[in-house]
Amino acid sequence: MEKKEHIISILVYNKPDVLARIAGTLGGKGYNIESLSVNTTTSYEVSKIIMTTIGNQATITRIENQLRRFVDVIRVDNLTNIESIHREMILVRLNLTEDKKEEIKKNIDTYKWKVIVSADSYVILEITGDKAQNDFAMARLEPLGIADITRTGIVALELES
């Protein structure tokens, strides 16, 4: 069976230790969480966890079943194969060396990346897109000398529920 990345949406009651118990249980069973994004929903009492993990369908089904066993889990949805929007934000700091400065500026203009901070010796960019767009951006920036990076992990929302 083919292994691929899956995006799982988990609605939980917003209580202390819920995330730690979920992560600990999945890690204890040998499942790796590739990315994780968590925040409250329109109701402070409920949080949404967007988790990505890699596995075949049988593995993902086991993970979903494990998640549904938690008392504080309200709902589990695999967003991978349903109509949904996926985004991730990346913050990237590039050093502005004389030999790379023009190429960095050209890429910023061409790809419409957002400049958050611009200083004499570095620039910090915000890049937001789906996985393919962000992987493309990282491939473009890698030869320009990434000094530091942070990624939010994927957030996702169904088009209709």
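Every number in this text was worked out from the coordinates using simple rules, so none of it is lab data. No experiment lies behind these values; they were computed from the predicted model shown. Reconstructed Cβ throughout: ideal geometry from the backbone, glycine too, with neighbour counts over all protein chains shown.
Ordering Leu11, Ala132, Thr97 by Cα displacement along the dipole of the chain toward the positive end leaves Leu11 in first place; charges were set at the Cβ atoms of Lys, Arg (+1) and Asp, Glu (-1). For chymotrypsin sites (Phe, Trp or Tyr not before Pro), the sites in segment 1-98 that DSSP calls loop and that have at most 13 other Cβ atoms within 10 Å are Tyr44. Sparse packing (at most 16 other Cβ atoms within 10 Å of the Cβ) combined with a DSSP loop state is found for the following GluC sites (Glu not before Pro) in segment 1-104: Glu2, Glu34, Glu45, Glu83, Glu98. Using the Cβ atoms and a cut-off under 12 Å, what net charge is assigned to the surroundings of Asn32, where Lys and Arg are +1 and Asp and Glu are -1? Every neighbour counted, the sum reads 0. Placing dummy labels 7 Å off each Cα toward the beta-carbon, the span from Asn81 to Leu159 is 1.7 nm. Summing Cβ point charges (Lys, Arg +1; Asp, Glu -1) relative to the Cα centre of segment 4-82 gives a dipole of roughly 200 debye. For P(r) over Cα pairs in 5 Å bins from 0, in percent, the candidate list reads [x] 2, 8, 16, 17, 14, 12, 11, 9, 7, 3, 1, 0; [y] 2, 9, 18, 21, 19, 15, 9, 4, 2, 0; [z] 2, 10, 20, 25, 22, 14, 6, 1, 0; the entry that matches the value derived from this model is [x]. Annotation: amide H of Leu79 within the under-5 Å range of Ile7, Ile8, Ser9, sequence separation 5 or more or interchain, hydrogens built in the peptide plane. A cut-off of 5 Å between modelled amide H atoms, ignoring neighbours fewer than 5 places along the same chain, links Met89 with Thr152, Gly153.
Annotation note: trypsin sites (Lys or Arg not before Pro) in segment 112-161 located in DSSP loop regions with a Cβ neighbour count of at most 14 within 10 Å are Lys112. Once you have a ≥ b ≥ c as the square roots of the Cα gyration tensor eigenvalues for segment 1-51, tell me rounded if a/c is under 1.5, and otherwise prolate or oblate according to whether a/b is larger than b/c. In terms of gyration-tensor shape, oblate.
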